[in-house]
Amino acid sequence: MLLAALCACALSVQSFSSAAFTSTSRATSTVTAASDWTPPSVSVTSPSTGQIVAGQVTVTAAASDARSAVASVRIDVAVAGSPSWQPLCTDSTAPYSCAWSTTSGTYPDGDHDLRATATDTVGLSATSAAVTTRVANSAGVVLGSVPSAFRSTLVLEATVVGTGLVPATTLSFQYRMSPSGSWTTITGCTRSLVTTATCTWAPTGAAEVYDVRAVAVVGATTYTDNEAAIQFDPTPPTVMLTVPAGTVYGTAQLTATATDDGSGVAGIVFEYRRTGTAGWTACGTDSEPAYTCALNTTTLVNGATYEFRATATDVAGNATTTPEQSRVVDNREATVAITGPGGGDALRGTVAVTADAFAPVAPTSLQTPTVHVEVRPAGGGVWTVVCTDPTAPYACPWDTTTVAAGSYELRAVLDQPTGPDVVSAVVLVTVDNSPLRAVDVAATNGGTSGYVDAGDQMVLTYSADVALGTVKAGWTGAATPVNLTFEDKSVAGGAIAGHDRVRFADAHLGQVAFVQDYVRANRTVGFTGTMTASTVVVDGVTVTVVAVTIGAPTGSNAQLRSSTVTGAMRWTPSASATTPTGSACSVAPATETGARDKDL
């Protein structure tokens, strides 16, 4: 009997944003602070993450409250990754614990999440991070947690479960080229008459994708537990750092580019230090291209020389650090910059325009620097003042419905109490108030997490009703075949550079770009699929939602790879899709809302 593995699929929720306006009053009011305004702290202490459990288990939690006392702790359980939590018990006395009968039939073999929620005596509550354990009541073998990628050695652990402490005749570990090579037993890793075993495997050669498994022979029965698509990546990434030329001042944007053809880039750490000192200080970490860090140089020593570097780490743990670059910090001049919206953003409705400014003279009641936000059509024309803000943080609303659709330049002007005006760099934006546009894109995993395979689904949400025949001739919304092409970011012709993407070959749905690196360098992989359409009413408006379910690959899927990177998808729709009245869809992209995840 094989140990069953559970796959939890995260539910995607489409959400819509709307502008909100707030008015303020200067009337004086009196407030009284409560004696306890902080929630308690709570954590699950047993079992631990990755622990294998069976039979009757005691789940314990620790809780405390800095200002009052803990009134009760409730412990919940759910199938790993599921939002459907079930309470085990509520305990009002420390140590807080619950009896969990894993053999009751409610909890099948597989991974389960445990959490604790503490409530204090004034009613404030907090919920702990989830702890994932594996229920194993049936006979079998359990392979311990395996990383998605490694760079030199891989430590494998296995435990024989459900045999009443009867040891395995043999317990071994095997590997194969993913997804269908021949299994090979790892030399020196076969144990006899044991219930647990550990193996350290060090493959040689170039990067490769492997499957690994544990094999236990108990009596006349053989049990296996495997982990698929483990990336062996011994090669470090390449990385290049760009620091603003000349002196640095105000908010300096450090940028970097990085590539890794094996496991993929996990992130980049930006660091700096004053020349002649030993320790490095982190500016920040970025896990998504384009990799950037905004360094506030006004916190550094003015006139001093600083060194900058960036370190890229791939998913397997390989790291590469750039050569140091030196710059002088000079904040003697006033600076001003548009901080939102960003360059290339598509705007509609009323948007907040924000700016950041630095003036060398400390403002007083008589010397307050003022920032003007100005706009003009891209390429030239007269600058028009959008608003004036005399106090930081500088911000104002811009009603884009008062201008025609097209490209516009935004800039901020710092009006200093003493000295000349300072003008910011121009930010180029696009105004698009089309009735039909992309609102959201979401994904649901239907197979292996972080890997493109059959059952994965993408959901595309428009802002209005779509004439489905303009998406595909004759389409009524019923299940219809569609062909998809997944492309590596290096393949030419992408609307969003630097991202792997999927195109819809025979439907006017545009393309979706991913943060994840799903396709090997310069490769494409075709898939069949099925698309359906439905309508929902949001704030009184009927909108079309298209769901595309990925089917089988049309060729070899050997050019695919798994990714553990989390991020937000970006959907660029096709202008060929229209409303029933003929209004073309805007091609402005929509970025996935909600928490960042592995997407597919």
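The values are calculated or read from the model by the stated rules, or taken from the named source; none is laboratory data. On a predicted model such as this, the values are computed, not experimentally measured, just so you know. Here Cβ is always computed from backbone atoms with ideal geometry, including for glycine, and neighbour counts include all displayed protein chains.
Can you name every residue in region 473-518 that is touching a His at 6+ places or on another chain (Cβ under 7 Å) and at pLDDT 95 or above?
Those that are touching a His at 6+ places or on another chain (Cβ under 7 Å) and at pLDDT 95 or above: none in region 473-518.
For the subset of region 33-42 comprising residues that are crowded, with 17+ Cβ neighbours inside 10 Å and assigned to a loop (DSSP other than H, G, I, E, B), which member is farthest from the chain's Cα centre (by Cα)?
Asp36
Just wondering, is there one or more residues in region 154-168 that are of a type in the set (Gly, Ala, Ser), crowded, with 18+ Cβ neighbours inside 10 Å and either over 35 Å from the mean Cα position of the chain (by Cα) or over 18 Å from Asn226 (Cα atoms) (or both)?
yes
Name the single residue, out of those in region 106-121 being surrounded by fewer than 16 Cβ atoms within 10 Å (Cβ to Cβ) and more than 14 Å from Ala54 (Cβ to Cβ), that is nearest to the chain's Cα centre (by Cα).
As a first pass, look at region 106-121 and keep what is surrounded by fewer than 16 Cβ atoms within 10 Å (Cβ to Cβ): 106, 108, 121.
Now restrict to residues that are more than 14 Å from Ala54 (Cβ to Cβ): 106, 121.
Details: Thr106: 32, Thr121: 36 Å.
In this case the residue turns out to be Thr106.
Exactly one condition in (1) closer than 21 Å to Val155 by Cβ; (2) outside the structural domain of Thr321 (by TED's automatic domain parsing); (3) crowded, with 18+ Cβ neighbours inside 10 Å is not met by Val218; state its number.
Condition (1) is where Val218 drops out.
Take Asp225 and decide whether it is touching a strand residue (DSSP E or B) at 6+ places or on another chain (Cβ under 6 Å) and surrounded by fewer than 20 Cβ atoms within 10 Å (Cβ to Cβ).
So Asp225 does not fit the description; no.
Checking Thr222 against (1) closer than 29 Å to Ala558 by Cα; (2) not aromatic (Phe, Trp, Tyr); (3) not in a loop (DSSP other than H, G, I, E, B): exactly one of these is not met. Which one?
(1)
May I ask you to list the residues in region 113-165 that are under 22 Å from Arg191 (Cβ atoms), of a type outside the set (A, V, I, L, M, F, W, C) and part of a loop (DSSP other than H, G, I, E, B)?
Ser138, Gly144, Ser145, Thr153, Gly162, Thr163, Gly164
For region 227-264, which positions are assigned to a loop (DSSP other than H, G, I, E, B), under 17 Å from Lys489 (Cβ atoms) and in contact with a Gly (Cβ under 9 Å, 6 or more places away or on another chain)?
If the condition is that a residue be assigned to a loop (DSSP other than H, G, I, E, B), under 17 Å from Lys489 (Cβ atoms) and in contact with a Gly (Cβ under 9 Å, 6 or more places away or on another chain), then Pro237, Ser263 are the ones that fit.
Can you name the number of the only condition in (1) aliphatic (A, V, I, L, M); (2) in a strand (DSSP E or B); (3) under 25 Å from the mean Cα position of the chain (by Cα) that Leu428 fails?
(3)
Being of a type in the set (Asp, Glu) and over 31 Å from the mean Cα position of the chain (by Cα) is the filter; apply it to region 43-101 and report the residue that is surrounded by the most Cβ atoms within 10 Å (Cβ to Cβ).
The residue in question is Asp65.
Going through region 256-294 one residue at a time, which ones are within 30 Å of Ala359 (Cβ to Cβ), within 21 Å of the chain's Cα centre (by Cα) and buried (at least 18 other Cβ atoms within 10 Å of the Cβ)?
Of everything in region 256-294, those that are within 30 Å of Ala359 (Cβ to Cβ), within 21 Å of the chain's Cα centre (by Cα) and buried (at least 18 other Cβ atoms within 10 Å of the Cβ) turn out to be Phe270, Cys283, Asp286, Cys293.
Condition check ((1) among the acidic types (Asp, Glu); (2) buried (at least 20 other Cβ atoms within 10 Å of the Cβ); (3) modelled with pLDDT under 90) across all residues:
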position: Cys396; (1), (2), (3): no, no, no
position: Asp421; (1), (2), (3): yes, no, yes
position: Asp440; (1), (2), (3): yes, yes, no
position: Thr444; (1), (2), (3): no, no, no
position: Ala454; (1), (2), (3): no, no, no
position: Met458; (1), (2), (3): no, yes, no
position: Tyr462; (1), (2), (3): no, yes, no
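Do the conditions hold for Val587, that is, is it within 24 Å of the chain's Cα centre (by Cα), more than 30 Å from Ala228 (Cα to Cα), in a strand (DSSP E or B) and touching a residue at least 40 places away in the same chain (Cβ under 8 Å)?
Criteria not met by Val587.
So, of the residues in region 171-181 that are at pLDDT 95 or above and of a type in the set (S, T, N, Q), which turns out to be surrounded by the fewest Cβ atoms within 10 Å (Cβ to Cβ)?
Ser172
Out of (1) of a type outside the set (Ser, Thr, Tyr); (2) within 30 Å of Ala521 (Cα to Cα); (3) buried (at least 16 other Cβ atoms within 10 Å of the Cβ), what's the single condition that is false for Asn137?
Just one mismatch for Asn137, condition (2).
Restricting to region 535-560, name every residue that is at pLDDT below 90 and assigned to a loop (DSSP other than H, G, I, E, B).
Correct list: Asp539, Gly540, Gly555, Ser556, Asn557, Ala558, Gln559.
Could you say which residue among Val413, Val431, Val403 is surrounded by 19 or more Cβ atoms within 10 Å (Cβ to Cβ) and closer than 18 Å to Gly349 by Cα?
Val431
Going by the structure shown, is Phe358 at pLDDT 90 or above and either farther than 23 Å from Trp398 by Cα or not acidic (Asp, Glu) (or both)?
Answer is no for this residue.
Give the residues of region 221-246 that are more than 27 Å from the chain's Cα centre (by Cα) and assigned by TED's automatic domain parsing to the domain that holds Tyr291, sorted by residue number.
Within region 221-246, Pro244, Ala245, Gly246 qualify.
Taking interchain pairs and intrachain pairs at least six residues apart, which have beta carbon atoms under 8 angstrom, with the first residue in region 521-536 and free of Cβ contacts under 8 Å to residues at least 12 places away in the same chain and the second in a strand (DSSP E or B) and of a type outside the set (Gly, Ala, Ser)?
Val536/Thr542; Val536/Val543; Val536/Val545
One residue is enough: does region 303-311 have a residue meeting the conditions surrounded by fewer than 21 Cβ atoms within 10 Å (Cβ to Cβ) and part of a loop (DSSP other than H, G, I, E, B)?
Yes - at least one qualifying residue is present in region 303-311.
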